[in-house]
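First the structure, in the form of structure tokens, and then the observations on it.
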Amino acid sequence: MLKRIISAAVSAAIAVSAFALLPVHAADDGLIFALDFDNQTTEATVGRTELFGDIAYEEDGNGGYAARLGDKRGNYLSIADENGKPLLAGHDELTITFRKKAEAVTSWWLFAAPDDNAQVYGMEHYLGILDNGSNLTAERYNNSGARNESPTYAYEQGIWQDVALVITKTKSMLYVDGEFVSEKEYDFTLSEMLGKNPVIYIGHANWGEGEWSKGLIDDIEIYDFAFGDIDLGDLTELETNTTLDLPEVTDNIPCTVAWSSSDENAITSSGQVIVPESGKKPVLLTASYTFGNHTLNRRFNAVVKAADYYDYDLHVTNEKGVDIQDGMYGLFFEDINYAADGGLYAEMIENRSFEATKNLGKDYDGLYAWSAYKSGMLETADAGGLNDNNPHYLTFTSTAAGQGFKNQAYDGVYMEAGKNYNVSVWAKAGTYSGAMSAKVYSDGALSGEVKLTDELTDEWVKYEGVITSTKNVRNADFVIELDGKGSAHFDMVSCIPEDAIFGIFRKDLAEKLKLMNPGFLRFPGGCVIEGYNLDNRYNWKNSIGAVEERKQNWNRWSTHMADGEIDNGYKHYNQTYGLGFYEYFLLCEYLDAKAVPVVNAGMACQYQTNELVPIDSAEFGQYIQDALDLIEFANGDVTTTYGAIRAQMGHPEPFNLEIMGVGNEQWQTSANEWHTRYERFEAAIHEKYPDMKLVGTSGPGVQDNDYNKAWTWIREKSAENDDFVYVVDEHYYRTPDWFYQNAHFYDDYPRDVKVFAGEYASRRVNQPNDPKANTWETALSEAAYMTMIERNADVVYMACYAPLFARLNYTQWSPDMIWFDDVSSYGSPTYYVQSLYSNNSGDYTLNSEVSDNTEEIYETVSYDGATGDVIIKIANPYGHKQRVKLTFDDAIMLEGGADASQIAGDLMSTNSIDNPENIMPEATSYSGFANGMNYDVPANSFTVIRVHTTRNATLKNGNGRIKNGMIADIPYGAEYDANGKLTGSWIYE
Ligand code: AHR
């Protein structure tokens, strides 16, 4: 035993023999390393050093010397403890201090890593303190593929800075010149990252060439303790005389904490809170940690408020602002992200008609999504198929009873126990003419079945049945199974849950839309309308009639690249048109929303092929005719060609189409004559249907040149022709900052031509499959922006977010409003913001004022005649609450009650399949709601308050008046001019 101890000591001595032998110091104050270069050597006063290469000493301005270690490869120090052992090994709590004067970047001051292997970017394990390109940063990485963030401070060149890095198990905290500047949290400790034998360098990192210190370093000290956090909670709402617990020691650490206050009359240095009689007092509390000859300051903002203090007075006047269009907030539907097939269209079978193509529709791939179950042979054929639009079908040959063919059904079949699924298959006998069943197998076990027929015939026949699932199954196989040997032919294999709305729309998705109470539905896109090329455009006529006769198309979102780059994982994205124009109109009826179909104007997507139909060609005439026929399909009498098709499809009554769009987000170029195209459409449509309201476009981006040109043209034309456009579709996908910065965008817009904010989303990123792109931060910025949209409802007639749906793992574009998988769906934070707006729009705005709105809160107020509610919406994007005093002109008589819906949360929060209601509104009801009441609006929140009134308000409307009231139980409004003459009356619905 003794022998072994001695040999261990000897081997340790050998291991440290390269270190200079220095006096050993006792570290009773926690100091485990100290080096000041004052005697122009690298001898440490505590701990040991080993010098590599040369060193230069320069006066440090403090009467001593500093070291210039780096500058060139090979000059640096390796440091160790007094026994020559790795200094940082086993230490999870440390305070590292030094002074440095950077002269260039990148400049490494201290570096510690598990060994001296070169670091691999994105896979690093090290602690480093350096001046990088723009920051002084204290990196602490334990990465496996992603970089964490680090505490940082601005890079300063040519000045001495005193740096202190306090390291705890969970944090790194950076101080510069004694002041706390930044901190970051970590989920790993230093010893977990550095291991048992780390290397520690001063003036060098093992990144290879160029990773040196560039400047002077001095007074390096390392302490084996860290003063952690002081958590005083939220000090910004101190409203009572109390005593704060201000700790003066930190546990077992040779360090004292002294407190001082910027206002002893508001909070004393010992923590006594003294509430003022009125107003509020901001106070800075400072904790000064003293150890060795260092003092580090940590400051805490506090606000002491009088009991009746409020941040803002939001005053609601009895002056009518502007009318809010009925159904102003609507939906944008596009078949992007598998929103239609694989999404809202409840069909569970993928490539049901064996018509799939891939690679921009160029390659037929009819067996895509199909394979043999057990055994058997699958082939496609097109001789004697169902019809010319759907020529291909499957010929399946079985070699034994019980074989069949199965479908991949996107993520496999999901079925719920006890639920019914409607199955249909078109089939025709070949050499096999026996029985056919549809079955569902989960891990080989049968979970549902239906015999569709005992016998196939020589004709195509549609066989139907219902599968009732015996259990909950996921990723299951949907199989068409035969009872014997031989070949037979199959097409249009379908399985739709019985609870699908109208047998068409996936229930959970359709119901989510319904709950939004949207005013309109714009469809079928988006760029899908334009198509990658003209052949690929959305031709609405291909989307109507019997589903088995609809001509399938590939989806333009199978590529997002101008050059048609296709290897994006979605090359099989097709459009079956099972969800076609008829179904969109039905959806509008279900939602009680106005239909806003958009037609192609003879132009393919301008970001892609930009293919054009010559404007004077007969073909272009056909595009115009298609638009006219669409109106006939929607509204025409059953005796008209397209009205008859609608009736035949089951809807003899008209769909009452009022608004339609021409073109998506087109812009004029020297080649495309977009303006003339629109003018031709407009003239033809209004000649036949003078009341049809048309949606024009200002192009893909607000504020760019094309947008300005578009508006100039539209204004000129609208000056001559009132009906030239009903609204102009504007698109903006921008950052949250943009939404805040533009929160007055429409305040000064000319009022002559109206706007349709037809596609917008706040986003930090746009990338495939990123449900986390929908944060509360993005939704809150939309909520703030929408207060302005609503206040400007006299110019913004319609608004909708885009895109609407995204199937998880099938998404080409995120953020999106509603996410789903095979089983369930959830609304993003944006969904709840949009819902709050569309369910609480009101009939017209009431003018409102916010006093002293320096740190802007975003608000809009409207009046809802049907309920008599004054609806107040407030977005507070700040990290602290705002107390708002709500005052009302006396003419608005409050009934005493109010209902609020509020969303608040951490800005980076998201919803998810597993946590679908993480961010969603919470409802609160108030009684005794009085004029002048203080209302606390939480940090990072959006609030809608419906303040109930007696309905007996008399409102100012210009020089006239609006009298609201009730006759029997019917709410009404009556308008009087400046002379008191009744000029109109209405019933609120
Ligand atoms: O919403 C996604 C796309 O954005 C739409 O298809 C297009 O109109 C816009 O560029």
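For Val728, are the conditions met, namely being β-branched (Val, Ile, Thr), in a loop (DSSP other than H, G, I, E, B) and either open to solvent by less than 20 Å² (accessible area, probe 1.4 Å) or in contact with a helix residue (DSSP H, G or I) (Cβ under 7 Å, 6 or more places away or on another chain) (or both)?
For Val728, the condition - β-branched (Val, Ile, Thr), in a loop (DSSP other than H, G, I, E, B) and either open to solvent by less than 20 Å² (accessible area, probe 1.4 Å) or in contact with a helix residue (DSSP H, G or I) (Cβ under 7 Å, 6 or more places away or on another chain) (or both) - is not met.
Select, from Asp308, Asp313, the only residue that is among the acidic types (Asp, Glu), within 26 Å of Glu849 (Cα to Cα), open to solvent by 20 Å² or more (accessible area, probe 1.4 Å) and not in a strand (DSSP E or B).
Result: Asp308 is the single residue among Asp308, Asp313 that is among the acidic types (Asp, Glu), within 26 Å of Glu849 (Cα to Cα), open to solvent by 20 Å² or more (accessible area, probe 1.4 Å) and not in a strand (DSSP E or B).
If I filter segment 546-558 for residues that are open to solvent by 10 Å² or more (accessible area, probe 1.4 Å) and either free of Cβ contacts under 8 Å to residues at least 40 places away in the same chain or on the phi > 0 side of the Ramachandran plot (or both), do I get at least one hit? Yes, because at least one residue in segment 546-558 is open to solvent by 10 Å² or more (accessible area, probe 1.4 Å) and either free of Cβ contacts under 8 Å to residues at least 40 places away in the same chain or on the phi > 0 side of the Ramachandran plot (or both).
With respect to Gly842, is the statement that it is touching a residue at least 60 places away in the same chain (Cβ under 8 Å), away from the ligand (no atom under 16 Å from the Cβ) and either of a type in the set (A, V, I, L, M) or open to solvent by 10 Å² or more (accessible area, probe 1.4 Å) (or both) true?
In short, yes.
Residue count for segment 27-40 satisfying the condition of being open to solvent by less than 40 Å² (accessible area, probe 1.4 Å) and either closer than 14 Å to Ser78 by Cα or of a type in the set (Asp, Glu) (or both): 3.
Residues being part of a helix (DSSP H, G or I), more than 16 Å from the ligand (Cβ to nearest atom) and of a type outside the set (Lys, Arg) are entirely absent from segment 657-668. Within segment 318-336, residues that are farther than 20 Å from Asn839 by Cα and in contact (Cβ under 8 Å) with a residue 40 or more places away in the chain have Cβ atoms under 7 Å from residues that are open to solvent by 10 Å² or more (accessible area, probe 1.4 Å) and within 16 Å of the ligand (Cβ to nearest atom) in these pairs: Ile336/Gln812; Ile336/Trp813, counting only partners at least 6 apart in sequence or on another chain. Residues of segment 692-730 that are more than 16 Å from the ligand (Cβ to nearest atom) and aliphatic (A, V, I, L, M): Met692, Leu694, Ile714, Ala719, Val725. Restricting attention to segment 426-446, does a residue exist that is within 16 Å of the ligand (Cβ to nearest atom) and in contact (Cβ under 8 Å) with a residue 40 or more places away in the chain? No: segment 426-446 contains no residue that is within 16 Å of the ligand (Cβ to nearest atom) and in contact (Cβ under 8 Å) with a residue 40 or more places away in the chain. Just one of the listed residues (Leu586, Leu579) is aliphatic (A, V, I, L, M), out of contact with any strand residue (DSSP E or B) (no Cβ under 8 Å at 6 or more places or on another chain) and surrounded by 20 or more Cβ atoms within 10 Å (Cβ to Cβ), and it is Leu586. Just one of the numbered conditions (1) free of Cβ contacts under 8 Å to residues at least 40 places away in the same chain; (2) closer than 22 Å to Phe98 by Cα; (3) crowded, with 18+ Cβ neighbours inside 10 Å; (4) not aromatic (Phe, Trp, Tyr) is not true of Val181: (3).
Of these, Leu804, Leu836, which one is under 17 Å from Ile874 (Cβ atoms) and either touching a strand residue (DSSP E or B) at 6+ places or on another chain (Cβ under 8 Å) or within 16 Å of the ligand (Cβ to nearest atom) (or both)?
Leu836 is the lone residue from the list that is under 17 Å from Ile874 (Cβ atoms) and either touching a strand residue (DSSP E or B) at 6+ places or on another chain (Cβ under 8 Å) or within 16 Å of the ligand (Cβ to nearest atom) (or both).
Residues in segment 359-382 that are open to solvent by 50 Å² or more (accessible area, probe 1.4 Å), at pLDDT 95 or above and acidic (Asp, Glu): 2 in all. A search for C-beta distances below 6 Å between a residue of segment 794-820 that is without any contact (Cβ under 8 Å) to a residue 60 or more places away in the chain and any residue that is away from the ligand (no atom under 11 Å from the Cβ) and part of a strand (DSSP E or B), counting only pairs 6+ apart in sequence or on different chains, returns Val795/Val755. One residue stands out in segment 745-761 among those that are part of a loop (DSSP other than H, G, I, E, B) and among the hydrophobic types (A, V, I, L, M, F, W, C): the one that is farthest from the ligand (Cβ to nearest atom), namely Val753. Restricting segment 522-556 to residues that are part of a strand (DSSP E or B) and not basic (Lys, Arg), which is nearest to the ligand (Cβ to nearest atom)? Result: Phe523.
Scanning segment 594-607 for residues that are outside any strand (DSSP E or B) and buried (at least 21 other Cβ atoms within 10 Å of the Cβ) turns up Asn600, Ala601, Gly602, Ala604, Cys605, Gln606. In segment 731-744, is there at least one residue being more than 16 Å from the ligand (Cβ to nearest atom) and farther than 22 Å from Ala783 by Cβ? Scanning segment 731-744, I find no residue that is more than 16 Å from the ligand (Cβ to nearest atom) and farther than 22 Å from Ala783 by Cβ, so the answer is no. Among the residues of segment 790-801, what is the count of those that are closer than 12 Å to Gln325 by Cα and either within 16 Å of the ligand (Cβ to nearest atom) or open to solvent by less than 10 Å² (accessible area, probe 1.4 Å) (or both)? So the answer is 7.
Residues in segment 98-121 that are out of contact with any Lys or Arg (no Cβ under 9 Å at 6 or more places or on another chain), of a type in the set (Gly, Ala, Ser) and open to solvent by 30 Å² or more (accessible area, probe 1.4 Å): Ala118 alone.
Of the listed requirements (1) polar (S, T, N, Q); (2) away from the ligand (no atom under 13 Å from the Cβ); (3) under 12 Å from the mean Cα position of the chain (by Cα), Thr787 misses just one: (3). Name the single residue, out of those in segment 502-521 being open to solvent by 10 Å² or more (accessible area, probe 1.4 Å) and assigned to a helix (DSSP H, G or I), that is farthest from Ala346 (Cα to Cα). The extreme case among them is Leu515.
The single residue among Ala671, Ala618 that is open to solvent by 50 Å² or more (accessible area, probe 1.4 Å), more than 36 Å from the chain's Cα centre (by Cα) and touching a residue at least 24 places away in the same chain (Cβ under 8 Å) turns out to be Ala671. Apart from one condition, Ala671 fits all of (1) at pLDDT 95 or above; (2) within 30 Å of Tyr760 (Cα to Cα); the exception is (1). Scanning segment 316-343 for residues that are in a loop (DSSP other than H, G, I, E, B) and within 14 Å of the ligand (Cβ to nearest atom) returns Phe333, Glu334, Asp335, Ile336, Asn337, Tyr338, Ala339, Ala340. Across segment 122-134, which residue is most open to solvent (accessible area, probe 1.4 Å) among those that are under 31 Å from the mean Cα position of the chain (by Cα) and more than 25 Å from Lys196 (Cβ to Cβ)? The extreme case among them is Ser134.
The values are calculated or read from the model by the stated rules, or taken from the named source; none is laboratory data. These numbers come from a predicted model, not from an experiment. Cβ: placed from backbone, ideal geometry, glycine included. Neighbour counts: every protein chain shown. Please note that ligands, DNA and RNA were not included when accessible areas were found on the heavy atoms of the full protein model with its side chains. Shrake-Rupley method; radii C 1.70, N 1.55, O 1.52, S 1.80 Å.
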